[in-house]
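Trainee: I'd like to ask some things about the structure below.
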Amino acid sequence: MSFLPEKVARSQGAIILERTKDKIKLASCNPKNYLFFKQLEKKASCPIEVYYATPHGIKEVLKHYSSDLPT
């Protein structure tokens, strides 16, 4: 199972930039989506570091997103 499936990434406007055992770097076009970030932190058992990305930038990356790749 993927940590952030494509369907969720698209609906939340977010993509994972980097994931380590200590933290996750996430780009989001909605940086005030605190509930979503807290859910990810709980799922990952580590903090989420959020970076702002434009909606266009997220859409461009999602064009290349392979469905449900494990991270």
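The values are calculated or read from the model by the stated rules, or taken from the named source; none is laboratory data. In this text the structure is predicted, and so the values were computed from the model without any measurement. Neighbour counts run over all protein chains shown; Cβ positions are idealised from the backbone, glycine included. When the accessible area is computed, the model is the full protein with side chains, heavy atoms only, and any ligands, DNA or RNA have been set aside. Shrake-Rupley method; radii C 1.70, N 1.55, O 1.52, S 1.80 Å.
Trainee: Given the conditions (1) part of a strand (DSSP E or B); (2) surrounded by fewer than 17 Cβ atoms within 10 Å (Cβ to Cβ); (3) modelled with pLDDT of 95 or more, which single one is not true for Leu35?
Mentor: Going through the list (1) part of a strand (DSSP E or B); (2) surrounded by fewer than 17 Cβ atoms within 10 Å (Cβ to Cβ); (3) modelled with pLDDT of 95 or more, Leu35 breaks only (1).
Trainee: List every residue pair whose Cβ atoms sit under 7 Å apart, with the two residues 6 or more apart in sequence or on different chains, where the first one lies in segment 6-31 and is without any contact (Cβ under 8 Å) to a residue 24 or more places away in the chain and the second, anywhere, is in a loop (DSSP other than H, G, I, E, B) and of a type in the set (Gly, Ala, Ser).
Mentor: Taking only residues 6 or more apart or on different chains, the pairs are Asn30/Gly13.
Trainee: For Lys25, only one of the following conditions fails: (1) exposed (fewer than 11 other Cβ atoms within 10 Å of the Cβ); (2) basic (Lys, Arg); (3) modelled with pLDDT of 95 or more. What is its number?
Mentor: (1)
Trainee: Just need a number here: residues in segment 1-15 that are open to solvent by less than 90 Å² (accessible area, probe 1.4 Å), more than 17 Å from Tyr34 (Cβ to Cβ) and at pLDDT 90 or above.
Mentor: Residues that pass the stated criteria total 2.
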